[in-house]
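Comments concern the structure below.
The values are calculated or read from the model by the stated rules, or taken from the named source; none is laboratory data. Fair warning: this is a prediction, and the values are worked out from it, not measured in the lab. Note: ideal-geometry Cβ built from the backbone for every residue, glycine included; neighbour counts use all protein chains shown. Please note that ligands, DNA and RNA were not included when accessible areas were found on the heavy atoms of the full protein model with its side chains. Shrake-Rupley method; radii C 1.70, N 1.55, O 1.52, S 1.80 Å.
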Amino acid sequence: MNDMTQQTDLSVARHSPHSATSRARRYRSERLGNPLAVIALALLSVPFAAFSAAIGSVQHDTNTGIDWVALDGFSIARTETTIGQFRTFVSATGLTTRAERDGGGSVFESGWTRKPGWTWATPYGPQYRPANDEPAAHVTYDEAQAFCRWAGGQLPNDAQWTAAAYREQRAAPPAPFTRGRSYPYPTGSTPAGAQCLDDCGSDSARRSVRHGAALSRGLGHAAVDQTPAGVNGLHDMGANLWEWVDDPPGFAGNAERLTRGGSWWYGSGPMREEHRQSKPGDTAVVYIGFRCARPAR
């Protein structure tokens, strides 16, 4: 584990918005020698189980700004992690990202090209001030995982990500979605509505933020709530930004990590479930972001 990862893990543990809850749980555990405490804790667990979140329901976390969508066995963020959410994390932990330390993230032109000043806070350079609801890019795998742990979860594994993206789980989803059906795209039967290049519909150009940067390909991302909701009511599981996935699990640093969903740089092909693409974990580029998952509650 490198120094940045160690510092990040310590900072996340110190500043987690859920640390007070963790202390309360430890306090309760220490009192389990008292029979009355055991009975009370058992009784308190009954309504929690009875009223666990319904599949498809959304719970907003005011500490992190995440809208958690309940699915079968876990919850996942309704949108990609936003600049505003990442700013809250940075303010709480003091993290300086790799892209910031290196003077900027990268974009692929005639090979990987570092772009001065392109960071999570200014994804297309300092001439553009993004809105808080734009997706956070230029974030490495370890930095994304640190955010998710701070937020009380983790990056989704590949089984979680694909179940959320392609299999409709809601009991009564709105048209055109059908409960139990698996779709070829996170947007449904077609890629229409995604923020991708060329074959996702003409609205992609309208939704792209006006960043003023010169790009050799594509137009750029859209704010996270500008594309139509797809399978399970999630936004941008297909395109907008690639998303880091915890696969293979347990690795850190520059190990190859899976990314899912495609991005505004590509057409609809990478949006399909069979498309798998990996990148070194310390990659910090303009079209990779992430979202978090957490166990069912």
Reported set for the stretch 128-176 where residues are closer than 21 Å to PRO280 by Cβ, among the hydroxyl-bearing types (Ser, Thr, Tyr) and not in a helix (DSSP H, G or I) is THR140
Can you tell me which condition ALA165 does not meet? The list is (1) open to solvent by less than 20 Å² (accessible area, probe 1.4 Å); (2) within 16 Å of GLY289 (Cα to Cα); (3) touching a Ser or Thr at 6+ places or on another chain (Cβ under 9 Å), and all the others hold. (3)
Inside the stretch 138-167, can you point out the residues that are in contact with a helix residue (DSSP H, G or I) (Cβ under 9 Å, 6 or more places away or on another chain) and under 16 Å from GLU100 (Cβ atoms)? HIS138, VAL139, THR140, ASP142, GLU143, ALA146, PHE147
Just give me the residues in the stretch 216-239 being open to solvent by less than 60 Å² (accessible area, probe 1.4 Å) and in contact with a strand residue (DSSP E or B) (Cβ under 7 Å, 6 or more places away or on another chain), in sequence order. HIS221, ALA222, VAL224, THR227, GLY230, VAL231, ASN232, GLY233, LEU234, ASP236, GLY238, ALA239
So GLU109 passes all but one of these: (1) touching a residue at least 12 places away in the same chain (Cβ under 8 Å); (2) open to solvent by 40 Å² or more (accessible area, probe 1.4 Å); (3) more than 17 Å from TRP265 (Cα to Cα). Which condition number does it fail? (3)
Any residue in the stretch 212-227 that is over 15 Å from the mean Cα position of the chain (by Cα) and either over 23 Å from VAL107 (Cβ atoms) or of a type in the set (Asp, Glu) (or both)? no
Take the residues of the stretch 115-152 that are open to solvent by 10 Å² or more (accessible area, probe 1.4 Å) and of a type in the set (Gly, Ala, Ser): which is nearest to ALA70 (Cα to Cα)? GLY152
Check whether at least one residue in the stretch 215-222 is touching a His at 6+ places or on another chain (Cβ under 8 Å) and of a type outside the set (A, V, I, L, M), and report yes or no. yes
Tally up the residues in the stretch 259-287 that are buried (at least 19 other Cβ atoms within 10 Å of the Cβ) and polar (S, T, N, Q), please. 4
Output the residue which, of all residues in the stretch 53-100 that are hydrophobic (A, V, I, L, M, F, W, C), part of a loop (DSSP other than H, G, I, E, B) and within 18 Å of the chain's Cα centre (by Cα), is farthest from GLN160 (Cα to Cα). LEU95
Of the criteria (1) of a type in the set (Val, Ile, Thr); (2) at pLDDT 95 or above; (3) more than 28 Å from GLY261 (Cα to Cα), which one VAL46 fails: (2)
Please specify each residue of the stretch 240-258 satisfying the condition of being buried (at least 24 other Cβ atoms within 10 Å of the Cβ) and not acidic (Asp, Glu). ASN240, LEU241, TRP242, TRP244, VAL245, ARG257
Output yes when any residue across the stretch 276-287 is under 15 Å from the mean Cα position of the chain (by Cα), over 22 Å from GLY125 (Cβ atoms) and charged (D, E, K, R), and no when none is. no
Six or more apart or on different chains, Cβ under 9 Å: which pairs go from a residue in the stretch 155-173 that's free of Cβ contacts under 8 Å to residues at least 60 places away in the same chain to one that's open to solvent by 10 Å² or more (accessible area, probe 1.4 Å)? Could you list them? ALA159/ASP247; ALA172/GLY56; ALA172/ARG179
Condition met for VAL209 (closer than 17 Å to GLU134 by Cα, in contact with a strand residue (DSSP E or B) (Cβ under 8 Å, 6 or more places away or on another chain), touching a residue at least 40 places away in the same chain (Cβ under 8 Å) and not acidic (Asp, Glu)): no
